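Notes to accompany the following structure.
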Amino acid sequence: MNCDGVIRSVSSYIDGELGVAVREEFEVHLKGCKGCTIFVQQTQFTVKIFYNADLADLPAEARSRLHETLRRRIGESRK
Amino acid sequence: MACAILAVQSIQPGLLRYLAGNQAETRTLSTPNPHRLPSTIAREDEHLLVAAAKSGDAAAFEELVNRYERKIFRLTMNITRNREDAEDSMQDAFMKAYSHLGGFQEDSRFYTWLVRIAANEALMRLRKRRPNQFSLDEPIESDDDVIPQEIEDWGPSPEQRYAQSEMREILSGAVDQLQPDFRVVFVLRDVEGLSTEETAAALEISTAAVKSRLLRARLKLRQKLQRYFRQGGAH
């Protein structure tokens with residue numbers, strides 16, 4: 001595997017979706033290529049930092065509107 | 001063959017250890033971890049609440065809403081990037097979930113089912129707002145724009161250089177800049193933790209399309225974060 005192969009397979013590698021033989025080729029390449037090693041580390045970091053990241057808070061007023069609306073609409077649907 | 005990653009600037013041992021624990025610098029990356037499954041957020045009593053809600057118990061349904069409202073708002077906000085649309089999508093998603101609860105097959109998680117409904121509500125609004133700019137069916141362009149040309153060292157724990165609020169702004173801004181078809185896949189897979197198959201089912205696209213868009217989204221985000229995390233970056 002070359003650097004281009006590492007770039008195209010990095011996502012599958014991170015997700016553990018590469019077959020054993022391809023993963024071995026991937027890791028053999030990393031052993032000899034510091035650039036790709038850092039690239040893979042940074043991509044892993046990127047995936048990790050976004051997981052479950054609180055990028056948007058539910059505003060209190062939006063929450064109140066949600067519950068009011070659901071009560072009303074559920075009430076109407078039962079009539 | 002020459003290395004496609006052209007410039008490697010000042011590699012620090014700390015970075016090589018980052019995320020791989022305190023392993024030796026020369027070690028290749030640790031065995032990759034399969035993606036987390038959404039079952040990690042399930043509570044044991046969820047099926048009881050779902051069963052009660054199905055039988056018409058409004059309080060049980062409200063408890064389910066309480067549990068997932070923040071995550072669903074985050075999802076709809078991340079997809080639409082518009083607060084009004086996000087709120088409307090969230091309301092309609094919960095209402096639709098309530099209306100269709102009878103048809104919910106409990107062979108999947110309630111949360112996964114809810115995410116699927118909410119993602120579709122959000123996508124519908126995104127398409128209305130940007131009718132000519134967004135289609136999950138359109139072919140992806142060439143890979144050239146996501147091939148990294150330069151790798152710069154981020155140093156150990158680069159996120160620690162920023163306050164929590166700054167980090168949130170950085171991450172939110174980076175997601176915002178993704179084109180919608182990449183963003184939707186990334187949000188479902190990497191923020192909400194759905195599997196490739198669940199994401200494909202939710203968006204009604206192939207698993208190959210999910211993987212392709214996810215790769216491109218991750219590469220683009222890494223590129224965007226580089227500005228902040230490289231040594232002596234934008235901070």
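Considering only residues of segment B:198-225 that are more than 9 Å from every other protein chain (Cβ to nearest Cβ) and touching a Ser or Thr at 6+ places or on another chain (Cβ under 6 Å), which is surrounded by the fewest Cβ atoms within 10 Å (Cβ to Cβ)?
Checked segment B:198-225; the qualifying residue surrounded by the fewest Cβ atoms within 10 Å (Cβ to Cβ) is B:T207.
Out of segment A:10-27, which residues are in a helix (DSSP H, G or I) and more than 9 Å from every other protein chain (Cβ to nearest Cβ)?
Initially, segment A:10-27 is screened for residues in a helix (DSSP H, G or I), giving A:10-14, A:20-27.
Passing the criteria: A:V20, A:A21, A:V22, A:E24, A:E25.
Might you let me know whether segment B:142-164 holds any residue that is among the charged types (D, E, K, R), under 24 Å from A:V6 (Cα atoms), loosely packed, with under 12 Cβ neighbours inside 10 Å and at pLDDT below 90? Write out each step before concluding.
Start the filter on segment B:142-164 by keeping residues that are among the charged types (D, E, K, R), which leaves B:143-145, B:150, B:152-153, B:159, B:161.
From what is left, the residues that are under 24 Å from A:V6 (Cα atoms) are B:143-145, B:150, B:152-153.
Applying the additional criterion that residues be loosely packed, with under 12 Cβ neighbours inside 10 Å yields B:144-145.
Now narrow it down to the ones that are at pLDDT below 90: B:144-145.
Checked against the condition, which is being among the charged types (D, E, K, R), under 24 Å from A:V6 (Cα atoms), loosely packed, with under 12 Cβ neighbours inside 10 Å and at pLDDT below 90, segment B:142-164 yields at least one hit.
Considering segment B:50-81 alone, what residues qualify as being over 17 Å from A:R65 (Cα atoms) and touching a residue at least 40 places away in the same chain (Cβ under 8 Å)?
B:V50, B:A53, B:K54, B:L75, B:N78, B:I79, B:T80, B:R81
Would you tally the residues in segment B:78-118 being of a type in the set (G, A, S) and farther than 25 Å from B:A217 by Cβ? Walk me through it before giving the result.
Filtering segment B:78-118 down to residues of a type in the set (G, A, S) leaves B:86, B:89, B:93, B:97, B:99, B:102-103, B:108, B:118.
From the residues that got through so far, the ones that are farther than 25 Å from B:A217 by Cβ too are B:97, B:99, B:102-103.
Residues flagged as of a type in the set (G, A, S) and farther than 25 Å from B:A217 by Cβ within segment B:78-118 amount to 4.
Please go through segment A:56-79 and pick out each residue that is of a type in the set (A, V, I, L, M, F, W, C) and either within 7 Å of chain B (Cβ to nearest Cβ) or surrounded by 20 or more Cβ atoms within 10 Å (Cβ to Cβ) (or both).
A:A56, A:L58, A:A62, A:L66, A:L70, A:I74
What pairs come out if I take residues in segment B:91-120 that are within 11 Å of another protein chain (Cβ to nearest Cβ) and pair them with residues that are surrounded by fewer than 20 Cβ atoms within 10 Å (Cβ to Cβ) and assigned to a loop (DSSP other than H, G, I, E, B) whose C-beta lies under 9 Å away, six or more apart or interchain?
B:A97/B:F104
Being modelled with pLDDT under 55 and either within 24 Å of A:V22 (Cβ to Cβ) or facing chain A (nearest Cβ under 9 Å) (or both) is the requirement here; does B:M77 meet it? Even if it seems obvious, please write down each step before you answer.
Working: modelled with pLDDT under 55: no; either within 24 Å of A:V22 (Cβ to Cβ) or facing chain A (nearest Cβ under 9 Å) (or both): yes.
No: the conditions fail for B:M77.
Is there any pair linking a residue in segment B:198-213 that is outside any helix (DSSP H, G or I) to one that is surrounded by fewer than 18 Cβ atoms within 10 Å (Cβ to Cβ), with Cβ under 7 Å and at least six apart or on different chains, and which?
Matching pairs, first to second residue: B:I205/B:L136.
Which numbered condition trips up A:A53, out of (1) within 7 Å of chain B (Cβ to nearest Cβ); (2) surrounded by fewer than 20 Cβ atoms within 10 Å (Cβ to Cβ); (3) assigned to a helix (DSSP H, G or I)?
Failed condition: (3).
Look through A:I49, A:I38, A:I7, A:I14 and report the one residue that is in contact with a strand residue (DSSP E or B) (Cβ under 7 Å, 6 or more places away or on another chain) and not charged (D, E, K, R). Walk me through it before giving the result.
Numbers: A:I49 fails: in contact with a strand residue (DSSP E or B) (Cβ under 7 Å, 6 or more places away or on another chain); A:I7 fails: in contact with a strand residue (DSSP E or B) (Cβ under 7 Å, 6 or more places away or on another chain); A:I14 fails: in contact with a strand residue (DSSP E or B) (Cβ under 7 Å, 6 or more places away or on another chain).
Testing whether each residue is in contact with a strand residue (DSSP E or B) (Cβ under 7 Å, 6 or more places away or on another chain) and not charged (D, E, K, R) leaves just A:I38.
Suppose we filter segment A:32-50 for residues that are assigned to a helix (DSSP H, G or I), farther than 15 Å from B:P158 by Cβ, within 7 Å of chain B (Cβ to nearest Cβ) and over 18 Å from the mean Cα position of the chain (by Cα); how many remain? Talk me through it step by step, then tell me what you get.
Of the residues in segment A:32-50, the ones assigned to a helix (DSSP H, G or I) are A:32, A:34-50.
After this cut, where a residue has to be farther than 15 Å from B:P158 by Cβ as well, the list is A:32, A:34-37, A:40.
Then keep just the ones that are within 7 Å of chain B (Cβ to nearest Cβ); that gives A:34-37, A:40.
This time we only want the ones that are over 18 Å from the mean Cα position of the chain (by Cα), so: A:34-37.
Looking only at that region, the number is 4.
Say whether the condition of being assigned to a helix (DSSP H, G or I), surrounded by fewer than 16 Cβ atoms within 10 Å (Cβ to Cβ) and within 17 Å of the chain's Cα centre (by Cα) is met by at least one residue in segment B:92-99.
no
The values are calculated or read from the model by the stated rules, or taken from the named source; none is laboratory data. If you're wondering where the values come from, they're calculated on a predicted model, not measured in any experiment. Cβ sites come from the backbone with ideal geometry, for glycine too, and all protein chains shown count toward neighbours.
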